1. Helix A:8-22 against the longest principal axis of chain A: what's the angle in degrees, Cα atoms only, rounded to the nearest 10?
2. Taking only Cα atoms, what is the 0 to 90° angle, nearest 10, from helix A:268-281's long axis to the longest principal axis of chain A?
3. Could you tell me how far the Cα centroid of the stretch A:138-211 sits from the Cα centroid of the stretch A:257-299, in Å?
4. Measure out, as a whole number of angstrom, how far apart the alpha-carbon centroids of the stretch A:73-99 and the stretch A:23-71 sit.
5. From the square roots a ≥ b ≥ c of the eigenvalues of the alpha-carbon gyration tensor of the stretch A:238-293, which class results: rounded (a/c under 1.5), prolate (a/b over b/c), or oblate?
6. Most mobile of A:Ala151, A:Ala260, A:Ala131 per a Gaussian network model of chain A (Cα springs, under 10 Å)?
7. With axes computed from alpha carbons, what is the tilt in degrees of helix A:50-63 against the longest principal axis of chain A, rounded to the nearest 10 within 0 to 90?
8. With a 10 Å cut-off between alpha carbons and a GNM built on chain A, which of A:Pro222, A:Pro120, A:Pro255 moves the most?
Amino acid sequence: MRPARPAAGVLHDLVLPWYAAHQRDLPWRRPDRSPWGVLVSEVMLQQTPVSRVLPVWQRWMSLWPTPSALADAAAGEAVREWGRLGYPRRALRLHAAAVAVRDDHGGVVPAEEAVLRTLPGVGDYTAAAVAAFAFGRRATVVDTNVRRVHARAVTGTALPAPSLSRAEVELATALLPEDDARAAVWNVAVMELGALVCTARAPRCGDCPLATVCAWRLAGSPAHDGPPRRGQAWQGTDRQCRGRMVQLLRDSTEPVPGDALRAVWPEEAQRDRCLDALVAEGLVEPLDGGLFRLPGLAS
DNA sequence: CATGCGTGGGA
DNA sequence: TTCCCAAGCAT
């Protein structure tokens, strides 16, 4: 027979003290950080590890301490300063979000989840995270870490399903403490537990505050039974081709001739398709004379 | 709802 | 070395 699910109060009493003792000192968690800093960190952290975000976030905060500061810069500067974080369209959307905050919200990052959700690059997760972490709101924050902790500790499975289900959101909402401030800490605490202890590959159950109540452990830590997770292909993909082109533009202070841009990829049809797509998405700007550059940069 | 979208470090 | 994957979003 399956072990009972641990009650919410039990989880709170175990996880909150653990977080108080083990939380990382991250700059976007410090008292002096702004809602803008939190928003920037959340977008940078989408699919990107903390260690790589840290230096870029610091640089962005010094260059553009407010949404209006970024909005007044060229979009291409945002892409350039994004460096090698990956998925550079996030930089473009963050710039667009800054413009929206400046033009539609008086330069102030909105606190309402529904309003945050209207900003480019801000989805359900990021809107909830900013509302909770920057403004102390009681929001249901469900990221991959939270999903994994809930899957193991509460549901008793090794890993969550590939896509977020309605049931998972309802579970996360049910586990949220009633009190606003406590709820905000709970959200970040569960994420931190997933990031540091309840990790995807080799969970450190020996260090886990939930080890004694974890449904997955009590069931004998059964292996993942669903379909094997498909890794993303890389060699020969459009993503690899696009990555090379954007890198070339990022590393050049001058506009780049189309011939030089096309030289980064041998296959003609794919190379042209990728360049066209980059231009269509606004990540690359075509100039007269067959030159290209990052969008909006003075040259 | 499944896919495409970058990158680099650790197991 | 190869594989996996890290605080998702938009279409």
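1. It is inclined by approximately 60 degrees.
2. Helix A:268-281 sits at roughly 80 degrees to that axis.
3. Taking the Cα centre of the stretch A:138-211 as reference, the centre of the stretch A:257-299 is 42 Å away.
4. When both Cα centres are located, 13 Å separates them.
5. rounded
6. Per the Cα network of chain A with a 10 Å cutoff, A:Ala260 tops the list.
7. On a 0 to 90 degree scale, this one is about 50.
8. For chain A, modelled as a Gaussian network with Cα springs under 10 Å, the answer is A:Pro222.
We did not get these values from a lab; they are worked out from the coordinates using the rules stated. None of the values given here were measured: they were computed from a predicted structure.
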